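So the structure is just underneath, and the comments pick up after that.
The values are calculated or read from the model by the stated rules, or taken from the named source; none is laboratory data. Small disclaimer: the values here were computed from a predicted structure and weren't measured. Quick reminder, even Gly has a Cβ in these numbers, built from the backbone with ideal geometry, and neighbours come from all protein chains shown. Surface accessibility is based on the protein's heavy atoms, side chains included, excluding ligands, DNA and RNA. Shrake-Rupley method; radii C 1.70, N 1.55, O 1.52, S 1.80 Å.
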Amino acid sequence: MKGMIFDIQRSSFVDGPGIRTTVFFKGCNLRCAWCHNPESQLHAPQLLFYKDKCKGCGKCLEKCPNKLEKCELCGKCELYCMAEARRLCGKEYTAEELLPEILADKLFFETSGGGVTFSGGECMLQLDFLCEILKKCKENGIQTAVDTAGHVPYTAFERVLPYTDIFLYDVKMMDGEKHKAYVGADNALILKNLAKLLQTGKRIWIRVPVIGGVNDTEEEMLAIRAFFEKHGQPEKIELLPYHAMGESKALAMGKTQQRFAVPEKEKIERLRAVFSL
C-alpha cells in the first residue's frame, strides 16, 4: 500500500503542540478560494515551474528526454535546475518508507511534547494508508495528530480514532451557502462530523482561517462560538490570518488565485476576544 505525499516539513511549531514533523498528503475534495497549498488539491504528481526563479541556463531543456514538449514527470529537469525553478510535487511512499522519516525526529518529539501531524490536502482521503502509518507511529511511541477539513464520512473518523491523539479541525464559517461559494461544498457534513467528534473526548484544536471580506466579522465568530456552546468545547481555538503564500504556487501550476484582504492585527485581536483567547 502506498500514499501520495507532497511534502514533509520538520521542526514545525504551528501544527499541534511541541516540535512536530508535518506530513502533507496530496489530494483534496475541497477548493478553498484562498488555499495556501494549491499543489495539494490533485492526488496525482505535478511539475511546478517558478518562472521568476528561472535563470535561462537551458539545463532543463538539455536533460529533458522530450525537450520540454511533453512532461513524463521523470524529475530530471528538477534535478539539474540549480535555481530550483522546477519542482516535482508528489511522491509515493509505503508506510515502511515513511516511518523512518518520522522516527528521525523522535528525540525532538520527546523533549518538546511534540509528534507527527498528518495534513494535506485532505489526509483522510487516503484512509487505508493513513490508518497504517498512524498505527505504526503509535507502536513506536509517537504522538499523532490528524489535520482535517472534516468533509469525509464519519466512518473515516471512527477508523482513525484509536490511533489519533489530537485532531486539528478546520472551521471556516457557519453559513452553508457562503461556505459552498468559497470552499466548493456546503458545511453540513463538516459540522455534523465535528459535533460527533466533540463527544468522543479526544483532544481537538479548532483552526479558523480569517479571510478579509469573507469571515472576518465578530458576527461570524459569535456564530462559531454558539456552535461550541451547543455541542461541546474544544481544547483550543486558533484564528489564522489569511496570507497569499498560495499565489506563487498557483502561478507555478499555470493558474491564478483570488487575492483577499489581510485582516489587520487589531481586528484579529477583537475576533480573538469573542472566544476569550
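Okay, residues lined up against (1) under 16 Å from the mean Cα position of the chain (by Cα); (2) of a type in the set (D, E, K, R); (3) open to solvent by less than 50 Å² (accessible area, probe 1.4 Å); (4) modelled with pLDDT of 95 or more:
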position	(1), (2), (3), (4)
Val23	yes, no, yes, yes
Asn29	yes, no, no, yes
Cys32	yes, no, yes, yes
His36	yes, no, no, no
Gly58	no, no, yes, no
Glu62	no, yes, no, no
Gly75	no, no, yes, no
Leu79	no, no, no, no
Glu92	no, yes, no, yes
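Between a residue in region 101-119 that is more than 15 Å from Lys136 (Cβ to Cβ) and open to solvent by less than 60 Å² (accessible area, probe 1.4 Å) and any residue that is among the hydroxyl-bearing types (Ser, Thr, Tyr) and part of a helix (DSSP H, G or I), which pairs come within a Cβ distance under 9 Å, given they are 6 or more apart or on different chains? That search, which allows pairs on different chains as well, returns Ser119/Ser40. Answer yes or no as to whether Ala195 is touching a helix residue (DSSP H, G or I) at 6+ places or on another chain (Cβ under 6 Å), surrounded by fewer than 17 Cβ atoms within 10 Å (Cβ to Cβ) and not in a loop (DSSP other than H, G, I, E, B). So Ala195 passes the test.
Mind checking which residues of region 162-192 are open to solvent by 50 Å² or more (accessible area, probe 1.4 Å), of a type outside the set (D, E, K, R) and part of a helix (DSSP H, G or I)?
Start the filter on region 162-192 by keeping residues that are open to solvent by 50 Å² or more (accessible area, probe 1.4 Å), which leaves 162-163, 175, 177-178, 180-182, 184, 186, 188-189, 192.
Among the residues that remain, those that are also of a type outside the set (D, E, K, R) are: 162-163, 181-182, 184, 188-189.
Once the filter is applied, which keeps residues that are open to solvent by 50 Å² or more (accessible area, probe 1.4 Å), of a type outside the set (D, E, K, R) and part of a helix (DSSP H, G or I), region 162-192 yields Pro162, Tyr163, Ala181, Tyr182, Ala188, Leu189.
Might you check whether a residue that is touching a residue at least 40 places away in the same chain (Cβ under 8 Å), part of a strand (DSSP E or B), among the hydrophobic types (A, V, I, L, M, F, W, C) and under 22 Å from Gly120 (Cα atoms) occurs anywhere in region 225-242? The answer is yes, given that some residue of region 225-242 is touching a residue at least 40 places away in the same chain (Cβ under 8 Å), part of a strand (DSSP E or B), among the hydrophobic types (A, V, I, L, M, F, W, C) and under 22 Å from Gly120 (Cα atoms).
Do we have any residue at all in region 90-97 that's out of contact with any strand residue (DSSP E or B) (no Cβ under 9 Å at 6 or more places or on another chain), within 30 Å of Lys136 (Cα to Cα) and of a type outside the set (Ser, Thr, Tyr)? Looking for residues that are out of contact with any strand residue (DSSP E or B) (no Cβ under 9 Å at 6 or more places or on another chain), within 30 Å of Lys136 (Cα to Cα) and of a type outside the set (Ser, Thr, Tyr), one finds at least one in region 90-97, hence yes. For Gly16, the test of being part of a loop (DSSP other than H, G, I, E, B), surrounded by 13 or more Cβ atoms within 10 Å (Cβ to Cβ), in contact with a Ser or Thr (Cβ under 6 Å, 6 or more places away or on another chain) and not basic (Lys, Arg) is passed.
Of all residues in region 46-66, at least one satisfies being aromatic (Phe, Trp, Tyr) and in contact with an Asp or Glu (Cβ under 8 Å, 6 or more places away or on another chain). A count restricted to region 222-253 and to residues that are within 16 Å of Trp34 (Cβ to Cβ) and open to solvent by 80 Å² or more (accessible area, probe 1.4 Å) stands at 2.
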